[in-house]
Every structure is written in structure tokens, then in C-alpha cells.
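First the structure, in the form of C-alpha cells, and then the observations on it.
Nothing in this text is a laboratory measurement; each read-out follows from the coordinates by a stated rule. This structure is a prediction, so every number in the text was calculated from the model and none was measured. Virtual Cβ from ideal backbone geometry, glycine too; neighbours counted across all protein chains shown.
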Amino acid sequence: MEYFKNLINGEWKDSKSGKYSENRNPADKEDLIGYFPSSTPEDVEEAVKAAKEAFKKWRLIPAPKRGDVLKIVGDIMLQKKDEIAFEMTREMGKVFAETKGDTQEGIDTAYYAASEGRRLFGLNAPSELPNKMNLSFRVPIGVGGIITPWNFPMAIPTWKIFPALVCGNTVVFKPAELTPKTANTFVKIVDQAMREVLGKDYIPGVINLIHGSGRVVGECFLANKDIDFISFTGSTEVGRRINEVGGRELKRVSLELGGKNAQIVMDDANLELALDAVLWGAFGTTGQRCTATSRLILHKNIHDKFLKMLTERVSKLKLGYGNNKGVDVGPCVSESQRETVNNYVQIGLKEDKATLIAGGDYAKDGELAKGWFYKPTIFKDVTPEMRIAKEEIFGPVLSVLKCSSLEEGVAILNNTVYGLSSSIFTNNVNDAFMAVRDIQAGITYINGATIGAEAHMPFGGVKATGNGHREGGWTVYDFYSEWKAVYIDYSGKLQRAQIDNY
Ligand code: NAD
């Protein structure tokens with residue numbers, strides 16, 4: 001059985017703790033994947049030191065050359081796409097087609113970042129004084145602490161680390177405890193590309209990997225004075241803590257947090273299309289996406305008909321190991337995640353008026369007994385104030401609510417602390433545009449599921465889903481760089497702005 005290591009200063013090393021935690025396949029708890037270091041504060045200290053030292057050289061590498069590294073990263077990921085996806089499914093459970101998609105998102109992000117190395121545009125503005133020139137351009141920040149969740153173990157680290165690197169920063173990466181193997185594969189690829197592109201000028205410590213818990217390793221990131229910025233994706237609870245401590249230390253902090261996304265279906269919608277979308281949105285990745293469809297808001301005129309169509313299709317979803325052909329839905333990522341899901345189902349059963357119409361229990365038949373499977377679950381008659389209508393569940397549970405108008409549907413959709421993704425199915429162009437205007441979410445789909453963001457578009461949410469930053473596309477480069485303003489005075493005299501000219 002393989003014992004994995006941390007990457008610090010270009011060297012694969014054991015943790016100073018000498019301790020490991022095991023990683024198992026959530027579809028088959030007998031399948032042991034490997035042992036991963038339980039790292040210590042000293043390991044973090046060493047990695048941050050290496051990243052700080054590497055920053056001195058990496059920031060001077062021309063940005064197009066830094067982009068060349070990411071081009072090679074994308075090429076290697078493309079070559080290994082199926083292998084990465086297979087191991088990712090084994091590690092966290094979602095089906096092979098989805099882990100291939102997760103990997104592809106990383107490839108797209110690599111190529112986008114590679115080309116950004118040749119842009120990273122600055123802006124010029126005229127000076128208010130004669131014979132003077134004003135320029136502004138992006139400069140790197142320093143060392144970044146990258147903390148990621150388990151549900152997109154490849155895409156999310158790439159969203160953060162590629163723009164960070166191309167901007168000239170160095171990073172220390174702490175992946176989720178549940179997906180350390182994908183993180184290992186990813187960092188190996190980045191390190192390999194660094195060595196290939198930089199050759200004898202290879203700089204150790206540009207990317208460092210520290211496995212371990214949030215409580216130990218993650219907390220050390222917050223406390224470390226040499227970490228200049230933290231990019232975090234995960235739960236709102238942990239995000240708040242990072243924002244509090246990071247804020248006190250004046251660290252730059254980007255937070256991508258929870259969601260409670262809804263799909264509205266109006267009475268003029270294409271119901272077959274809306275049905276495909278809600279099945280994909282609610283039960284894809286076993287409902288464990290920050291953008292998963294957790295609420296379905298049906299117009300009263302199609303409510304009963306749509307629910308009948310939905311329950312029929314849900315009963316046909318095939319659960320199983322995601323690397324097997326024909327499987328639609330994998331397991332929950334862990335026993336404790338499955339318990340959280342089941343607890344919410346119990347809350348739903350106790351909540352006034354909510355009626356269970358599908359699932360509501362562990363799935364334990366035959367091979368399913370080996371893993372953390374839960375039956376795709378639907379509650380109807382849910383009202384906006386119920387906990388299952390407002391709180392993030394992060395599992396295969398869909399709460400169905402009823403509305404009588406577009407205004408009511410949008411009000412129900414907005415009735416949550418979160419604001420990540422949203423969707424409306426309608427063929428009425430006026431309703432569609434009003435929904436775009438009035439829905440409080442970072443992402444709105446018209447006639448599409450709540451999941452399916454593209455790597456070159458801004459990704460993130462409003463309200464308790466984050467702190468105003470975005471990942472993806474061009475917007476993310478604002479987080480990973482500072483603006484520097486430069487004034488060049490070629491008048492040969494001291495010119496005082498605001499004073500000599502007014
Ligand atoms: P989590 O918050 O438990 O963990 C996320 C990461 O934070 C892990 O690496 C964990 O080890 C680390 N961590 C935990 N405690 C920490 C601490 N005190 N200090 C520093 N780091 C700490 O979340 P999770 O269970 O891995 O992921 C599920 C959550 O992530 C859901 O709420 C989901 O909505 C959210 N998520 C959001 C997005 C988005 O883009 N908005 C994307 C995916 C997942």
C-alpha cells in the first residue's frame with residue numbers, strides 16, 4: 001500500500017509527525033487507496049518558507065513563460081484525463097463522466113491561464129500635467145495559501161492555483177482530507193511541467209503541497225504572517241472563520257462558500273427539458289455540488305403533472321460505483337456526509353406538512369451495502385420557511401415548493417442566505433429577463449440546470465456564498481494581483497498634481 005508525501009521546496013517528503021491517515025473508496029469501504037501524511041505546523045512553516053524564497057525568483061520569470069508552464073500542465077492533464085478521472089471517481093465517488101468533466105475544467109483553466117500570461121493587461125490614463133505619463137499594471141502579491149474542498153478535487157485547485165501562478169505568486173496548497181490523491185496527481189503534474197519548461201532554471205518551492213486536516217494545517221495558514229493571501233472554497237462556517245482571522249491579519253481573502261440553489265419551472269416551460277435539468281442538477285455528483293439544485297419551485301398549473309414525471313424518472317436512476325458503466329448516481333463522499341443527509345431527511349419528515357415522495361433512506365441492497373449510498377430523495381409540499389427549504393444539505397435531497405406567479409417564484413428562490421446558482425424554465429421572454437434582473441445569485445441559467453459553469457466565465461455567489469470575489473475567466477486575475485500605478489515625469493521640473501495646475 002502506497003504511503004504518499006508532501007511536496008516542499010521541490011522535494012517529496014514525509015510529514016514531521018510520522019503519522020498518516022487513510023483514504024478509502026466511498027463506494028467500497030474495503031478499497032483502501034493509500035495513506036496520506038497528517039502534517040504538522042512545522043511542515044507548514046517549512047513550505048511557507050520555501051514559497052517565500054521561491055517568490056523572489058518566480059516573480060521575475062516573464063509572465064508568458066509562466067504561462068508556458070501552464071500550457072504544458074494542460075497538455076499532461078489531457079494525456080492523462082481518463083486515468084485522473086478513474087482515480088478521482090474511486091476517491092470521491094461521482095461518476096466517471098463527471099470526473100472527466102472535472103478534469104476537463106482543469107485543462108480549460110490551464111489553457112486559459114497559459115494565454116493570460118500573454119495578456120495580464122495593464123491600463124494607461126492621461127496625466128493631468130504636461131510631459132508626464134501615467135501607467136498602471138498588475139504585479140504579483142506573494143505567497144498564497146490555497147484551501148479546497150473535496151467535491152471538485154481537480155477543477156477547484158486549478159481555478160485558484162493557475163491564475164495565482166501566472167500572476168507570479170507562489171503557493172502552499174492544502175487539499176481536502178477526502179481527496180488527497182487527486183491533489184497529489186495534480187501537484188506532480190505542475191511540478192513536472194515546471195521542470196520541463198524551466199530546465200536548469202527550475203525554481204523549487206513555487207508550488208508546495210501539504211496534506212492534513214483543516215484544524216491543524218488550515219489553521220496554520222491563517223496564523224502564518226508570510227502567507228499574504230488565502231483562497232478558500234468550502235463551507236460558510238469555515239469561510240467565516242477564515243475571513244475573521246484573515247481580516248485581522250490584513251490578508252487578502254477570497255471565499256467561495258455554500259449554496260441553496262433553486263430551479264423554477266413556469267407553466268409555459270418545456271417540461272421534458274426542465275425534467276432532464278432537475279434530475280441532472282439535483283442528483284448529479286449525488287447532490288454534492290455547491291451549485292446543486294436543492295429546491296424545485298413549480299408553478300401551480302404544472303405542479304402535479306411535473307411531480308408525477310419526476311418521481312417516475314427518479315425511480316429509474318441507477319446507483320453504484322461511478323467507474324461502472326450505466327451508473328447514474330454515486331455514493332455520498334463519506335459516512336459522516338451520509339449521516340448529515342439522513343439527519344436532514346429526518347428534519348424534513350418532522351417538519352410540518354412536508355411529504356416524502358421518493359427515497360428517504362440509505363441504499364443498502366447488494367453491492368450498495370459496501371459504500372455510503374443514499375437513495376435520491378424528494379419532499380413535496382415544502383414551504384419557504386422550512387429548514388429543508390433554506391439550509392444547505394449537500395446530498396441527493398430535493399425540496400419541492402409551489403408558486404402561483406413569477407414574482408412569487410423569484411421571492412421563494414431568494415428566500416435563503418445563499419446566492420450562488422439559479423435557474424428558470426420558461427418560454428416567455430419577458431419572464432426570463434425579469435428573472436435575470438430580480439434573482440439574487442451570482443449565476444442564473446435560463447432553460448438550463450443550476451449546474452454547468454464554464455471555466456472562462458466568472459464563478460461565485462452573492463450574500464453568504466462569498467465575499468465578493470469571483471473565480472474563473474478574467475475576473476479572477478483581480479484577486480491574484482495588485483495594481484501598481486506608475487507616474488513618469490519627463491518635464492524636467494517638479495510638477496505638483498492638484499496644486500500647480502488648478
Ligand atoms: P469544509 O469547509 O469542511 O472544508 C473545506 C476545506 O477547508 C478543507 O480542505 C478543510 O480541511 C479546510 N478546513 C476545515 N476547517 C478549517 C479551518 N478551521 N481552517 C482552515 N481550513 C479549514 O467544506 P467541505 O465539506 O470540504 O466542502 C463542502 C462545502 O464546500 C459546501 O458548503 C459547499 O457548498 C462548499 N463549496 C462551495 C463551492 C463554491 O464555489 N461556492 C464549491 C464547492 C464546494
Exercise for the section: Using a/c under 1.5 as the rounded threshold, could you call the chain rounded, prolate or oblate? The axes a ≥ b ≥ c are square roots of the C-alpha gyration tensor eigenvalues, and prolate needs a/b larger than b/c, oblate otherwise. Expected result: oblate
Completion exercise
On the formula 1/(1 + (r/R0)^6), with r taken between the Cβ atoms of E45 and A369 and R0 of 41 Å, the FRET efficiency rounded to 0.05 is 0.40
Problem - F425 long-range amide H proximity, modeled H, under 5 Å - result: I264, V265, M266, N447
Practice task
Highest first, please rank the peptides 97-106, 313-322 by the mean number of other Cβ atoms sitting within 10 Å of their residues.
Solution key: 97-106, 313-322
Exercise for the section: State the answer as a single residue: which of A51, G214, M88 lies farthest towards the positive end of the charge dipole of the chain, with beta carbon charges of +1 for Lys and Arg and -1 for Asp and Glu, about the Cα centre. Expected result: A51
Exercise for the section: Apply the Karplus parameterisation 6.51 cos²θ - 1.76 cosθ + 1.60, with θ equal to phi minus 60°, to every residue of the stretch 373-387 and state each ³J(HN,Hα) to the nearest whole Hz, in sequence, with x for glycine and proline. Expected result: 7, 9, 5, x, 10, 10, 10, 10, 6, 7, 10, x, 8, 5, 5
Practice task
Identify the GluC sites (Glu not before Pro) of the stretch 217-321 meeting these criteria: DSSP loop state and at most 15 other C-beta atoms within 10 Å of the C-beta.
Solution key: E249
Exercise for the section: For F152, list long-range residues whose amide hydrogen, built 1.01 Å from N in the peptide plane, is under 5 Å from its own amide hydrogen. Expected result: none
Handout entry: Relative contact order of the stretch 261-446, defined on C-alpha pairs under 8 angstrom at six or more residues apart (%)
Key = 28
Exercise for the section: With +1 on each Lys and Arg Cβ and -1 on each Asp and Glu Cβ, and nothing else charged, work out how big the dipole of the stretch 261-446 is about its Cα centre, in Debye to the nearest 20. Expected result: 420
Problem - For the stretch 240-256, Karplus couplings with θ = phi - 60° (6.51, -1.76, 1.60), whole Hz, Gly/Pro x - result: 4, 4, 5, 5, 5, 5, x, x, 4, 7, 6, 7, 6, 10, 10, 10, 10
Practice task
Would you calculate a helix-derived [θ] at 222 nm for the chain, using -39,500 (n - 2.57) for each DSSP H run of n ≥ 4 and dividing by the full residue count, to the nearest 500?
Solution key: -11500 deg cm²/dmol
Exercise for the section: Using +1 at the Cβ of each Lys and Arg and -1 at the Cβ of each Asp and Glu in the stretch 82-160, identify which of Y111, S127, M154 lies farthest towards the dipole's positive end. Expected result: S127
Exercise for the section: Run through the DSSP bridge list for the chain and note the antiparallel percent, rounded to the nearest 5. Expected result: 40
Practice task
Can you check what the Kirkwood hydrodynamic radius comes to for the stretch 272-392, Cα pairs only, in Å to one decimal?
Solution key: 15.0
Practice task
List the relative contact order of the chain as a percent without decimals, with contacts defined as Cα pairs under 8 Å and 6+ residues apart.
Solution key: 18
Fill in the blank from the handout: The answer for trypsin sites (Lys or Arg not before Pro) in the stretch 190-232 that fall in a DSSP coil and have at most 13 neighbouring Cβ atoms within 10 Å is K225
Exercise for the section: At a Cα cut-off below 28 Å, give the lysines reachable from K132, other chains included and same-chain residues fewer than 8 away excluded. Expected result: K484, K493
Exercise for the section: May I ask which of K19/K160; K160/K370; K300/K463; K316/K380 have a Cα-Cα span longer than 30 Å here? Expected result: K160/K370
Practice task
Taking 7 Å along the Cα-to-C-beta vector as the label spot, tell me the Y3-K353 distance in nanometres, rounded to one decimal.
Solution key: 5.9
Problem - Helix 63-79 axis, angle to the chain major axis (alpha carbon atoms, nearest 10°) - result: 30
Handout entry: Antiparallel DSSP beta bridges within the stretch 92-247, as percent of all bridges there, nearest 5
Key = 25
Completion exercise
Within the stretch 261-446, the percent of DSSP beta bridges that are antiparallel, given to the nearest 5, stands at 15
Practice task
May I ask you to evaluate 6.51 cos²θ - 1.76 cosθ + 1.60, the Karplus curve with θ = phi - 60°, for each residue of the stretch 200-217 and list the ³J(HN,Hα) values in order in whole Hz, giving x for glycine and proline?
Solution key: 5, 8, 3, 10, x, x, 5, 10, 10, 10, 10, 7, x, 8, x, 4, 9, 5
